[in-house]
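Here the structure comes first, spelled out in structure tokens, and everything after it is commentary.
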Amino acid sequence: MRSHTTFRQLEIFEAIARLGSFTRASEELYLTQPTVSMQMKKLTEAVGVPLIEQVGKKLHLTPDGRQLAQATREIFSILDRFTMSVAERRGLKQGQLSLMAITTASYFAPRLLGEFSKLYPGIEVSLRVTNKEQVLASMADGLDDLYLVGQPPEHIDVVATPIMDNPIVVLAAPDHPLAHRKKIPLDRIAAEPWLMREKGSGTRNAIERMFSGHGLNIHPRLELGSNEAIKQAILAGLGISALSRHALALNQPGQFAILDVEGFPILRHWYAVYPAGRQLSVVARAFLEYLLEHGEPPRCRRRSSDRPAHGSEPALPHPRRTPAAARRHY
Ligand code: PGA
């Protein structure tokens, strides 16, 4: 192979080999399709033999392509091991990690932080769970290492990495008359008495956008300031609501009915966010890696078990820099 094969070309090739599609590889790597095609053309020229062939609509690796895919995976995993061992030596024996999470993220953030601290007992961790306003204020002042939010801010320049799916599901008491109905129309559910989170809640915004997008209004019967209060009110038969599926993390299956409503679940994501331009500490980077490996990976992203992360900042997948880009996903 000639020397001008680049790491980026190998990365693109590996994604195509794994996903079986130029389109999906370009989506995963946040590249345009023409860039992906051009880089593959250059790689094939550099290697000097065909690597991928198209039969009908399907892509196949040639025998040489398969060998290169294997070699590429090995290279990436060696680099990942190297990066991790350097990071561990440098910072993970001690150090500090300061996190802030928006209210609903409290259903998964403490668990993941607890597991991470067991792995790295020398690290001093702090987590504040608070409302959107305070998260934004702290983010603007750059007070914490990472912020776990359901919606990257629009007016602050941040790097936002999707770390988990955050589906918003419609919940009712298990004996609710709609509990076993299939494909409940949106206008039917809009007519129910709704229990809503407070104004400014990301969950509430997502629900309101969904209904207003269909020209419907919902009329909150009660407005309650926490997911737990909403759940109690649902069980008391006061109405229905829609919450992040994560809000059911500690509930027994069957304790609530998840209604089969057209347009639901609303597919959102959790993001780990930090101000653009900030260099993440080794500890914060390791925690972000941990979130990606041990949270539920978002469906838009590759599963971490498919291949180790790599890149010029090897421990991270492809964070999105601009708020506009981050907004695409909710
Ligand atoms: P929240 O959750 O409803 O507690 O604000 C954050 C979000 O889902 O954006």
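The values are calculated or read from the model by the stated rules, or taken from the named source; none is laboratory data. Every value quoted in this text rests on a predicted model; they were computed, and no experiment measured them. So basically every Cβ, Gly included, is an ideal-geometry build from the backbone, and we count neighbours across all protein chains shown.
Details
- Among the residues making up the range 240-282, those that are of a type in the set (A, V, I, L, M) and either within 13 Å of the ligand (Cβ to nearest atom) or in a strand (DSSP E or B) (or both) are Ile240, Ala242, Leu243, Ala247, Ala257, Ile258, Leu259, Val261, Ile266, Leu267, Ala272, Val273.
- When residues of the range 113-135 are limited to those that are touching a strand residue (DSSP E or B) at 6+ places or on another chain (Cβ under 9 Å) and within 16 Å of the ligand (Cβ to nearest atom), the one nearest to Met84 (Cα to Cα): Leu127
- For the range 180-192, the criterion of being part of a loop (DSSP other than H, G, I, E, B), under 15 Å from Thr103 (Cα atoms) and either in contact (Cβ under 8 Å) with a residue 40 or more places away in the chain or not hydrophobic (A, V, I, L, M, F, W, C) (or both) is met by no residue.
- Any hit, the range 113-124, residues being among the polar types (S, T, N, Q), in contact (Cβ under 8 Å) with a residue 24 or more places away in the chain and part of a helix (DSSP H, G or I): no
- Search result, residues across the range 18-29 that are of a type outside the set (A, V, I, L, M, F, W, C) and surrounded by 13 or more Cβ atoms within 10 Å (Cβ to Cβ): Arg18, Gly20, Ser21, Arg24, Ser26, Glu27, Glu28
- Considering the conditions (1) within 13 Å of the ligand (Cβ to nearest atom); (2) modelled with pLDDT of 95 or more; (3) farther than 23 Å from Gln232 by Cα, Met164 is excluded by exactly one of them, (2).
- Looking only at residues in the range 205-223 that are surrounded by fewer than 19 Cβ atoms within 10 Å (Cβ to Cβ) and within 12 Å of the ligand (Cβ to nearest atom), the one that is nearest to Ser244 (Cα to Cα) is Asn205.
- Options Met210, Met196: the member that is modelled with pLDDT of 95 or more and in a helix (DSSP H, G or I): Met210
- If you go through the range 130-143 and keep only what is buried (at least 21 other Cβ atoms within 10 Å of the Cβ) and either touching a Leu at 6+ places or on another chain (Cβ under 6 Å) or over 20 Å from Ala284 (Cα atoms) (or both), you end up with nothing.
- Residues being polar (S, T, N, Q) and in contact (Cβ under 8 Å) with a residue 60 or more places away in the chain - total across the range 227-255: 4
- Per-region count, the range 144-159, residues loosely packed, with under 13 Cβ neighbours inside 10 Å and more than 15 Å from the ligand (Cβ to nearest atom): 2
- Considering (1) among the aliphatic types (A, V, I, L, M); (2) closer than 30 Å to Val282 by Cα; (3) in contact with a Lys or Arg (Cβ under 6 Å, 6 or more places away or on another chain), the lone condition that Ala46 does not fulfil carries the number (2).
- Residues located in the range 94-124, provided they are more than 19 Å from Ala229 (Cβ to Cβ) and surrounded by 17 or more Cβ atoms within 10 Å (Cβ to Cβ): Gly95, Leu97, Ser98, Leu99, Met100, Phe108, Ala109, Leu112, Leu113, Phe116, Tyr120, Ile123
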